[in-house]
Every structure is written in structure tokens, then in C-alpha cells.
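First the structure, in the form of C-alpha cells, and then the observations on it.
The values are calculated or read from the model by the stated rules, or taken from the named source; none is laboratory data. This is a predicted model, so every value here is computed, not measured. Cβ placement follows ideal geometry from the backbone for every residue including glycine, while neighbour counts extend to all protein chains displayed.
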Amino acid sequence: MSAFEIYLSNFQERYAELLAKQDSENLHLLLKEAIPIYQSDENRLAAGLHQQKARAFALFAENREMDRHFEAAINLIEPNEAWKLYLDWANLYFLQLRIVHRTESTAQIFAKASILIQRVDIKSLKKDRFALWAVRSFQAFCELALAENKNIPKLFSELDFSPISLSLINNPSKIREFYAHFFKAIAIAIEQRDAHLLMKLLKMISVDDELLMGNADLLTKFQQTLNDAMDLRPEFAAEFNFIYAIAPLLNEHFPNLALFIALLEKQNFGGLHYFFKAIS
């Protein structure tokens, strides 16, 4: 092992131990440690450490440190791999919406996330359908929140809506970023009351084609498809649950989505049927 690999192994041991003890003071000191010199063939390892530190600083709501470490990580990897880091970075800002006493408004958080997503080199993703979906779903969600709606149809027009194969759906190690951000696209369809877009999205992730092609109403198709997706893909469930939890904060930017989630929370099935019937 190189000197840097030995340091990295020791860092991970200390990090895990302090995290388990919930020792925030010493964990913070560990994060402040300078990263030692490493060789060029260790850039990827160093990038991973910077990303880990960035994510940890996000927990302390230290955005400057988070930003600094993400920038350092991105400078150490190939440009065509940076999209994952930009997604992670933007998502950490998005997750700050759950902080009760934060200094930035909801609009400011969406604006920061949007700027980061727009730094992705889209041309490098043209051959990666699911990476493009993850990035564009996030970008469109931010733009809708910021009332920049005109570009959204164009963003969706360049995406491939064909159904996902069961082999990919059932493989937990594949297309994780896609599922981690796909509910944002569904949320856009709900907010814009666009039944056509919603059905196209449901068909992409459905494991029950017979249901979608049948005579069931839109609410039934929606509920079953989402339940299946949440059972099969924890990333999808995690995002749905987060957006569900912060729905009251989104009311100003996503009033229809907030109404839908409020009806869902109250188990107002009559209201839900009316909501979906109105957009069908």
C-alpha cells in the first residue's frame, strides 16, 4: 500500500468510529485534516475522499467547505464522469430544504441546485440514456420551481421514453441515479396536470403492462406503478418519501403537487380520484 492508501484506510476507520459514536466535535476535526500528497494514479481515490468530506460537511451545513471539496473532486476525475458528482452536489443542496432554521430561501436553494446541474456536460451523456434522464429530471424540476417553464418541453423532448427492461429494473446495482431522480419528472407531470406525460413516465418504469393497457382509471395505474417502483428500487422510494415530507414547503412553487400529497397524507381517496379525473 502507498502512503496515501494507508492514510485513507486509517481515515475511513476513524470516520466510521466517530460516526458510530456520534462524536460530532472530533468528526469535524477529522474532516478539517489536510489531505496528504498523493500520486497521479491515485486521483480517483483522492476524488472519493473529497466527495466524502463534501457530503459530511453538508451535514454540518457548511456549504463553503462542501463546495470546495466538490470542486476539488471534479478537478481530479475525467470530465465525462463529473455528472454524478454534480448530481450529488445539487442534491445535497436540495436536501437542505428539510432544515428548519436555514438562512437560504427555498428559491435560493433551487437556484443553486439548478446552476450546478447546468454545469454538466450534456454532450458526454448522449450515449447514456439513464444518466441523461437523471440530469434532465433534476434540471426540469428546478426550472419549474423557479417558474422557468419554457425550457421544460425541450428538456423532455430529447429523452428516450421507451420502457425499461425488467433485467435493469430488477438489478439493484444498475441505473441507480436514474431512479434516485425519476420521481422529480413524475412530480412535474403532476404539477403541470399533464396526463399524457404522466402516462409516458409510468409506462417507462411499469412492471405490469397489462394494468397500464387496461381500463383502470389513472389513479389506480399511478398508485400501482409507484408502489411497484418503491418496492423494487429503494432510491425511488427515498426520493418520493423526501418530497412527501417537505411538500408543505413546496406549496409556493408546486401548488398542485403539494395538494396531491396533502390528499394522499389525509387518505382522501375521493379527493385523489377527483384530482386525477380532472387531469385525465
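Scanning the range 184-200 for residues that are among the acidic types (D, E) and not in a loop (DSSP other than H, G, I, E, B) returns a single hit, E191.
Does the range 77-85 contain any residue that is farther than 20 Å from I243 by Cα and of a type in the set (K, R)? Looking through the range 77-85, at least one residue is farther than 20 Å from I243 by Cα and of a type in the set (K, R).
Within the range 27-63, being without any contact (Cβ under 8 Å) to a residue 40 or more places away in the chain and not in a helix (DSSP H, G or I) holds for E33, A34, I35, P36, I37, Y38, Q39, F60, E62. Across the range 64-82, not a single residue is classified as closer than 26 Å to R98 by Cβ and not in a helix (DSSP H, G or I).
Of all residues in the range 233-258, those that are in a helix (DSSP H, G or I), crowded, with 17+ Cβ neighbours inside 10 Å and among the hydrophobic types (A, V, I, L, M, F, W, C) total 8.
Pairing residues of the range 3-23 that are among the aromatic types (F, W, Y) and surrounded by 14 or more Cβ atoms within 10 Å (Cβ to Cβ) with residues that are at pLDDT 95 or above and assigned to a helix (DSSP H, G or I), at Cβ distances under 6 Å and at least 6 apart in sequence or on separate chains, gives F4/E42.
Set side by side, the residues S206, S167 differ, and just one is more than 17 Å from L144 (Cα to Cα), among the hydroxyl-bearing types (S, T, Y) and surrounded by 15 or more Cβ atoms within 10 Å (Cβ to Cβ), which is S206. One residue stands out in the range 124-139 among those that are surrounded by fewer than 21 Cβ atoms within 10 Å (Cβ to Cβ) and in contact with a helix residue (DSSP H, G or I) (Cβ under 9 Å, 6 or more places away or on another chain): the one that is farthest from A185 (Cα to Cα), namely S124.
Restricting attention to the range 142-160, report how many residues are more than 23 Å from L92 (Cβ to Cβ), part of a loop (DSSP other than H, G, I, E, B) and not acidic (D, E).
The qualifying residues number 2.
In the set R119, R102, which member is surrounded by fewer than 18 Cβ atoms within 10 Å (Cβ to Cβ), touching a helix residue (DSSP H, G or I) at 6+ places or on another chain (Cβ under 7 Å), modelled with pLDDT of 95 or more and not β-branched (V, I, T)? Steps first, please.
Details: R102 fails: modelled with pLDDT of 95 or more.
Of R119, R102, the one residue that is surrounded by fewer than 18 Cβ atoms within 10 Å (Cβ to Cβ), touching a helix residue (DSSP H, G or I) at 6+ places or on another chain (Cβ under 7 Å), modelled with pLDDT of 95 or more and not β-branched (V, I, T) is R119.
In the range 170-194, of all residues being in contact (Cβ under 8 Å) with a residue 40 or more places away in the chain and farther than 22 Å from L146 by Cα, the one that is farthest from the chain's Cα centre (by Cα) corresponds to N170. When the range 162-183 is filtered for residues that are over 26 Å from E143 (Cα atoms) and assigned to a helix (DSSP H, G or I), the ones remaining, listed by number, are L166, S167, L168, I169.
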